[in-house]
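The values are calculated or read from the model by the stated rules, or taken from the named source; none is laboratory data. Quantities reported herein were computed from a predicted structural model and do not represent experimental measurements. Heads up, the Cβs are rebuilt from the backbone with ideal geometry, glycines too, and the neighbour counts pull from every protein chain shown. In case anyone asks, the SASA skips ligands and DNA or RNA and just uses the protein heavy atoms, side chains included. Shrake-Rupley method; radii C 1.70, N 1.55, O 1.52, S 1.80 Å.
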Amino acid sequence: MMTIKAAAFAALFLALPAASFAQPAAPSLASTSEFRVCGDPANLPFSNQAHEGFENKISDLFAGYLHEPVTNVWFPQIVGFYRNTLFAHRCDVVMGTVAGGEMVDTTNPYYHTGYMIVTRNADHIASVDLGDPVFSDKKIGLIASTPPTDIVARHHLLAHVTPYNLTVDTRVEAPAKTLLLDLVAGKIDVGLVWGPFAGYYIKHDHLPLAMAFLPAEPGGPRLDYRIAMGVRPSDVTFRRTLNDLIQKHQDEITAILNDYGIPLLDEQGNPLKP
């Protein structure tokens, strides 16, 4: 397991495998006739083979402006994802990764989101501070070893935690969705969930849940991340092309994200209204 760092845990949700590896310098091999995307075949709201995810829609948008067809290479976002896709030169871009990550070169970020605190509408819980006494007897669901775990520990609430698996084969497990459905069913009282999962399933499945950004605490882990696209270090020209597309079409990208219910933050970390 990697050293416990917030960026590493967020990256595990965004296709980074569990260990890094050096890549030798190489000439650019990005296709100039196809928009070749490395994607997970079953990881909504990000992507799936039916092209129902927001990363699918953004890749279609970019390919249209480049006048190229989209070609997808599918591999579950588990250990070995990059090795078997991007660095095997089978595809040229990972549509979602933490901006400034160490394993790949990244574009400029195209959205900013974070971890959410999710509760049932019927419970009328307004607080987002886990130190609030309202949470002292609540059953808390979270994805094991993600940054909110540190916040829960700070407030001595680990005994109240129901953990859900972090690293799974998305073709057979969807822990964030399971967590949210357990919250609706009353098996847990509070969910601490990565924003895109929370926003998408609440909107798409019409779940009677409320969500708000989980605030960071002094000395605590980072809870918000800027998300970019990842390319091989040798594909400098392709990265510049992607940056140009992001800059010119940010409004269209944001409209897609809003359509999927993805909670967004502005540059100052303030929540954006859809």
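Of the residues examined, Ala122 is not one that is free of Cβ contacts under 8 Å to residues at least 12 places away in the same chain, farther than 23 Å from Leu44 by Cα and loosely packed, with under 15 Cβ neighbours inside 10 Å. Taking the residues in the range 128-149 that are open to solvent by 70 Å² or more (accessible area, probe 1.4 Å) and in contact (Cβ under 8 Å) with a residue 40 or more places away in the chain as candidates, determine which candidate is farthest from Val184 (Cα to Cα). Going through the qualifying residues, I end up with Asp129.
Cβ-Cβ contacts under 6 Å between residues 6 or more apart (or on different chains), taken from a first residue in the range 212-239 that is free of Cβ contacts under 8 Å to residues at least 12 places away in the same chain to a second residue that is buried (at least 21 other Cβ atoms within 10 Å of the Cβ), are listed as Ala216/Leu223. Restricting attention to the range 31-53, and to residues there that are touching a Ser or Thr at 6+ places or on another chain (Cβ under 8 Å) and within 25 Å of Gly199 (Cβ to Cβ), which single residue is surrounded by the most Cβ atoms within 10 Å (Cβ to Cβ)? Out of the qualifying residues, it is Gly39. Selection of the range 169-227 for residues being open to solvent by 30 Å² or more (accessible area, probe 1.4 Å) and β-branched (Val, Ile, Thr) yields Val172, Thr178, Val184.
Restricted to the range 71-95, and to residues there that are under 19 Å from Thr241 (Cα atoms) and in contact with an Asp or Glu (Cβ under 6 Å, 6 or more places away or on another chain), the residue that is least open to solvent (accessible area, probe 1.4 Å) is Met95. Ala210 passes every criterion in (1) under 30 Å from Leu29 (Cβ atoms); (2) in contact with a Ser or Thr (Cβ under 6 Å, 6 or more places away or on another chain); (3) among the aliphatic types (A, V, I, L, M) apart from (1). Within the range 177-205, residues that are in a strand (DSSP E or B) reach partners that are among the polar types (S, T, N, Q) and modelled with pLDDT of 95 or more with beta carbons closer than 6 Å, at six or more positions or on different chains, in the pairs Val190/Thr119.
The single residue among Asn258, Asn270 that is without any contact (Cβ under 8 Å) to a residue 60 or more places away in the chain and within 15 Å of the chain's Cα centre (by Cα) turns out to be Asn258.
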